[in-house]
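Chemist: One structure, as C-alpha cells, below. Some questions next.
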Amino acid sequence: MPITAVTGSASGIGAALCAQLREAGHSVIGIDRANADINTDLSSAEGRQQAIKQIIDRCGGRLDNLVLCAGLGVTAANCGLILAVNYFAVSALLEGLADALSKGNNPAAVVVGSVASVQPGVDEHPIIGQMLDGDEEGALAASGELSPNLAYAGSKLAVSILVRRKVHEWAKFGVRLNVVAPGVVETPLYKASTEDARYGEATRNFVAPLGRGSQPAELANVIRFLLSAQASFMHGTVVFADGGMDAMIRPDRF
Ligand SMILES: NC(=O)c1ccc[n+]([C@@H]2O[C@H](COP(=O)([O-])OP(=O)(O)OC[C@H]3O[C@@H](n4cnc5c(N)ncnc54)[C@H](O)[C@@H]3O)[C@@H](O)[C@H]2O)c1
C-alpha cells in the first residue's frame, strides 16, 4: 500500500485527491491548518518543520508519494502569506522530505502550480529571483509592494521553476517530480476570488476555451496519473490542466 502525503488535504483539490487515493488503496497522510491528520500552519518555519517531522514519523522514514497542494489565493490576508505558503513551504517540504522519498517505492512528487504563472510580465519581476534564492526574509519584506495578483502568479512561477531546477538532483535519488498547473477549479479558493472587490469581475470573465471551470476531481485525476507508474518517464514537466487557458494566453510559447 503506497504511503502518500498530501498538503491542503482539508479542502478543494487536496480533499478530492485524498478521497481518490484512499479509494485506490493508498495510506494517506493529510496535512492542513485544521481537519487533517497533521494540523499545522505551513506559513511558518516551525509549522513546516513540524509537518516534515510528523510525516517522517508516520511513514517510518519511507515515503512513496508527496503532493504539495496547500495554497492561498489573491484574497489571502496579505501578500507575505501568499509567498510563504505557495513558495517557501513547498521549497521546505521538498527539501525536508527528499530523503524519505528516495527510500520510497517508485517514488514521485507533484507540486500544484497554476496557469497564473504564465501571465505576461510576471517572469521579469525581481521577487521571483528572491524566492528562488531562498531569501524568505527579503521576499517577505518586499511583498508589501506587490499586488496580490502578482504575489500569487509570482509564487506559482517560482515554484514551477524550482521543480524544473531539481531534475538532476531528484533523478539521482530516483524520485520523479512534476508540476500540475490548473486553470479554474471550482473550490473555496476560486469562489473567494470571484467575490473579491478587486479581482472578482476579471476572475469571472476569465473563461477557458472549453467554456467552463473544472471540478476538483478532474485535477485529482491528473495528479494521480503523474504519481502512477503510467507516468514513469514524466519528470520536470509542468502539466497544464486548464481547459486550454495556457494555449489561449500564449499559443506560440510552450
Ligand atoms: N481553484 C483554482 O481555480 C486554482 C487554480 C490554480 C491553482 N490552484 C491551486 O490549487 C491548490 C489547491 O487550491 P484549492 O483551489 O483546492 O483551494 P482550497 O482553498 O479549497 O484548498 C487549499 C487548502 O490549503 C490549505 N492551506 C492554506 N494555507 C495553509 C497554511 N498556512 N498551512 C496549511 N494549509 C494551508 C487550506 O486550509 C485549504 O485546505 C492551491 O495551491 C492553489 O493555488 C487553484
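Residue-wise test of (1) touching a Phe, Trp or Tyr at 6+ places or on another chain (Cβ under 6 Å); (2) closer than 26 Å to A139 by Cβ.
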site	(1), (2)
G174	no, no
S193	yes, yes
D196	no, yes
A202	no, yes
V207	no, no
R212	no, no
P216	no, no
I223	no, no
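Chemist: I need the full set of residues from region 130-144 which are of a type outside the set (S, T, Y) and surrounded by 13 or more Cβ atoms within 10 Å (Cβ to Cβ), in order please.
Modeler: Q130, M131, L132, G134, D135, E136, G138, A139, L140, A142
Chemist: Sticking with this structure for a sec: If you check L157, L83, which single one turns out to be in contact with a helix residue (DSSP H, G or I) (Cβ under 9 Å, 6 or more places away or on another chain), surrounded by 24 or more Cβ atoms within 10 Å (Cβ to Cβ), closer than 22 Å to P251 by Cα and not β-branched (V, I, T)?
Modeler: Details: L83 fails: closer than 22 Å to P251 by Cα.
After ruling out the rest, the residue left standing is L157.
Chemist: Shifting gears a bit: Restricting region 223-254 to residues that are without any contact (Cβ under 8 Å) to a residue 60 or more places away in the chain and part of a helix (DSSP H, G or I), which is least open to solvent (accessible area, probe 1.4 Å)?
Modeler: Among residues in region 223-254 that are without any contact (Cβ under 8 Å) to a residue 60 or more places away in the chain and part of a helix (DSSP H, G or I), the one least open to solvent (accessible area, probe 1.4 Å) is A247.
Chemist: Here is a list: R212, R198. Which entry is in contact (Cβ under 8 Å) with a residue 24 or more places away in the chain, under 23 Å from A76 (Cβ atoms) and surrounded by fewer than 19 Cβ atoms within 10 Å (Cβ to Cβ)? Let's see the steps before the verdict.
Modeler: Working: R212 fails: under 23 Å from A76 (Cβ atoms).
On inspection, the qualifying residue turns out to be R198.
Chemist: Kindly indicate which of S117, S147, S102 is in contact (Cβ under 8 Å) with a residue 60 or more places away in the chain, under 17 Å from V159 (Cβ atoms) and open to solvent by less than 60 Å² (accessible area, probe 1.4 Å). Before the answer, list the steps.
Modeler: Working: S147 fails: under 17 Å from V159 (Cβ atoms); S102 fails: under 17 Å from V159 (Cβ atoms).
When all the criteria are applied, what remains is S117.
Chemist: Condition first: open to solvent by less than 40 Å² (accessible area, probe 1.4 Å) and either touching a residue at least 24 places away in the same chain (Cβ under 8 Å) or under 18 Å from G8 (Cα atoms) (or both). Now tell me which residues in region 183-195 satisfy that.
Modeler: The initial filter retains those residues of region 183-195 that are open to solvent by less than 40 Å² (accessible area, probe 1.4 Å), namely 183-185, 187, 192-194.
Once the filter is applied, which keeps residues that are open to solvent by less than 40 Å² (accessible area, probe 1.4 Å) and either touching a residue at least 24 places away in the same chain (Cβ under 8 Å) or under 18 Å from G8 (Cα atoms) (or both), region 183-195 yields G183, V184, V185, T187, A192, S193.
Chemist: Moving on to the next point. I'd like to check which helices (runs of 4 or more DSSP H) are fully inside region 166-222 and have at least 3 residues that are farther than 27 Å from M234 by Cα. Steps first, please.
Modeler: Details: elements: 167-172, 188-194, 200-205.
The qualifying helices (runs of 4 or more DSSP H) are 188-194, 200-205.
Chemist: Can you confirm whether L72 is buried (at least 17 other Cβ atoms within 10 Å of the Cβ), in contact with a strand residue (DSSP E or B) (Cβ under 6 Å, 6 or more places away or on another chain) and aliphatic (A, V, I, L, M)?
Modeler: On the way: buried (at least 17 other Cβ atoms within 10 Å of the Cβ): yes; in contact with a strand residue (DSSP E or B) (Cβ under 6 Å, 6 or more places away or on another chain): no; aliphatic (A, V, I, L, M): yes.
For L72, the condition - buried (at least 17 other Cβ atoms within 10 Å of the Cβ), in contact with a strand residue (DSSP E or B) (Cβ under 6 Å, 6 or more places away or on another chain) and aliphatic (A, V, I, L, M) - is not met.
Chemist: Condition first: within 21 Å of S91 (Cβ to Cβ), within 7 Å of the ligand (Cβ to nearest atom) and in a loop (DSSP other than H, G, I, E, B). Now tell me which residues in region 10-55 satisfy that.
Modeler: The answer is R33, T40, D41, L42, S43.
The values are calculated or read from the model by the stated rules, or taken from the named source; none is laboratory data. Predicted model, so just to flag it, every value in this text is computed and none were measured. Heads up, the Cβs are rebuilt from the backbone with ideal geometry, glycines too, and the neighbour counts pull from every protein chain shown. The area values use the complete protein model at the heavy-atom level, side chains included, leaving out ligands, DNA and RNA. Shrake-Rupley method; radii C 1.70, N 1.55, O 1.52, S 1.80 Å.
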